[in-house]
Amino acid sequence: MHFLTVLSLFFLHCSHIVLGSPLGKIDVVVNRCGNELAPGEAAAIEERVRLDLSNSGRNATEFDANRQVVIKVVWHVIYTSETTEGGYISPAVISASILALNYHYRGAGFLFSLDKITRTQNDDWFLNAKTGTSAESQMKNTLAEGDKAVLNLYSVGFTGGLLGYATFPWDVYTNPKRDGVVFSHTTVPGGS
């Protein structure tokens, strides 16, 4: 996946799926992101992003809505039962989520295009796919599609209030299967 896409989705899912653009004002701050940072890591990441943007000839205020990068999306629905509470997300809700992504990222130069929806009934993955777990590894190694140009989204049913997490952009080089965004099915428009 393109560096800026992963970066954008990291900010998106650590804020909430239907909040403002990562390049603009974030209206609500949610403290249930699964990406844990040690003191000083945030500053180091911000510096790395600034350098990467600088090396690409762009900065965070120069995104051009007329210069769109189309991101192919594969949405993996992980569920325990064919109910909303069990994580079963309808195609209409998935389409509404893609529309929300496109609306909130319209000025950032990204256009999300739903390519495929997969459905997997797996209680372990649904409940336990937190970052760094064997459930996450098994789920992503089994389901991930495409290369770094494809965005793999995994909707699951976290416990304990976790909303989601994304891998950092540079992690894709050492472990490409780990790339993607994992989030609670309750964060989508109409989520339970």
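The values are calculated or read from the model by the stated rules, or taken from the named source; none is laboratory data. None of these values were measured; they are calculated from a predicted model. For neighbour counting, all protein chains shown are included, and Cβ atoms are generated from backbone atoms with ideal geometry for every residue, glycine included.
Residues that are modelled with pLDDT of 95 or more and either crowded, with 18+ Cβ neighbours inside 10 Å or of a type in the set (F, W, Y) (or both), at least 2 per element: which helices (runs of 4 or more DSSP H) completely within region 111-192 meet that?
Where helices (runs of 4 or more DSSP H) fall fully within region 111-192 and carry at least 2 residues being modelled with pLDDT of 95 or more and either crowded, with 18+ Cβ neighbours inside 10 Å or of a type in the set (F, W, Y) (or both), they are 123-128, 134-143.
Within region 70-97, how many residues turn out to be among the β-branched types (V, I, T), out of contact with any Gly (no Cβ under 7 Å at 6 or more places or on another chain) and assigned to a helix (DSSP H, G or I)?
1
Sort out which residues of region 64-84 are over 17 Å from the mean Cα position of the chain (by Cα), modelled with pLDDT of 90 or more and surrounded by 13 or more Cβ atoms within 10 Å (Cβ to Cβ), and write them in order of number.
Residues satisfying the conditions are Y79, T80, T84.
Anything in region 102-149 that is out of contact with any helix residue (DSSP H, G or I) (no Cβ under 6 Å at 6 or more places or on another chain) and among the basic types (K, R)? List them, or say none.
R106, K116, R119, K130, listed by residue number.
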